[in-house]
Amino acid sequence: EPEVTQTPSHQVTQMGQEVILRCVPISNHLYFYWYRQILGQKVEFLVSFYNNEISEKSEIFDDQFSVERPDGSNFTLKIRSTKLEDSAMYFCASSGHGYTFGSGTRLTVV
Amino acid sequence: GQNIDQPTEMTATEGAIVQINCTYQTSGFNGLFWYQQHAGEAPTFLSYNVLDGLEEKGRFSSFLSRSKGYSYLLLKELQMKDSASYLCRFSGGYNKLIFGAGTRLAVHP
């Protein structure tokens, strides 16, 4: 069964550093998403991406966040200057006929 | 606006039946989904309702009433491995998902 793949599974970074979270969506899916889940809290929508541009973003997705599809397979989330409160699980998802989540990247900002 | 409410925590006994309720408010509606999430893992799809009524899928069933903005997930013959968070969610434009905060279910022997 096709999967959404995320790397790394766990990333530890120092406050103020830039991080890039990577995702490989399902190949024939056209919509891509990033969600965030702070420990013990709900899954929150960050951004959706279609046709090589952002289609919708939440108030969480401020100027420190950016997304990119640098080639035909990868979909990345960049956080420019990480803050302690960015520590969370970040889930990538893609959708076509169905909606599939990746297994997540646990980001820890110290 | 768009909103989802579900209870924060529930406990139940192995072998029993538990019902997890979810109420929602949205102007557009494309279906109500239930997911299971174990700690530190991604949500996994359980069931989906777009029309009113009950959808049964093995030990799990889900019910929807669109007029009441209400759904429930029914888990039968509870097992210890069913201890997890259960998330209800709907689609909220451009396919983005709006999740409830999740109901943490603890199953005891």
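Its convex hull of Cα atoms gives the protein assembly as shown a direction-averaged projected area, equal to a quarter of the hull surface, of 12.4 nm². Sites listed here are trypsin sites (Lys or Arg not before Pro) in the stretch A:39-93 whose DSSP assignment is loop and whose Cβ has at most 14 other Cβ atoms within 10 Å: A:R80, A:K83. Rounded to whole numbers, the Karplus 3J(HN,Hα) couplings from phi for the stretch A:40-45 are x, 10, 7, 6, 10, 5 Hz, using 6.51 cos²θ - 1.76 cosθ + 1.60 with θ = phi - 60°, and x at Gly and Pro. The spacing between the stretch A:1-79 and the stretch B:21-83, judged by their C-alpha centroids, is 26 Å. Considering only the Cα atoms of the stretch A:30-98, their convex hull presents on average a projected area of 5.1 nm². Which loop GluC sites (Glu not before Pro) in the stretch A:47-110, with loop taken from DSSP, have no more than 10 other Cβ atoms within 10 angstrom of their Cβ? Sites meeting the loop and neighbour criteria: A:E59.
In chain B, the DSSP beta bridges split such that about 90 percent are antiparallel, to the nearest 5.
Across the stretch A:1-68, Cα-Cα pairs farther apart than 18 Å form 47% of the total. Placing pseudo-labels 7 Å out from each Cα toward the beta carbon at B:D5 and B:S27 gives an inter-label distance of 2.2 nm.
Size descriptors for the stretch B:6-109, from the alpha-carbon set: Rg then Dmax equal 13.2, 43 Å.
Throughout, read-outs are computed from the coordinates displayed, never taken from laboratory work. Worth saying up front: this structure is predicted, and the values here are computed from it rather than measured. Every residue, glycine among them, receives a Cβ derived from its backbone with ideal geometry; neighbour counts consider all protein chains shown.
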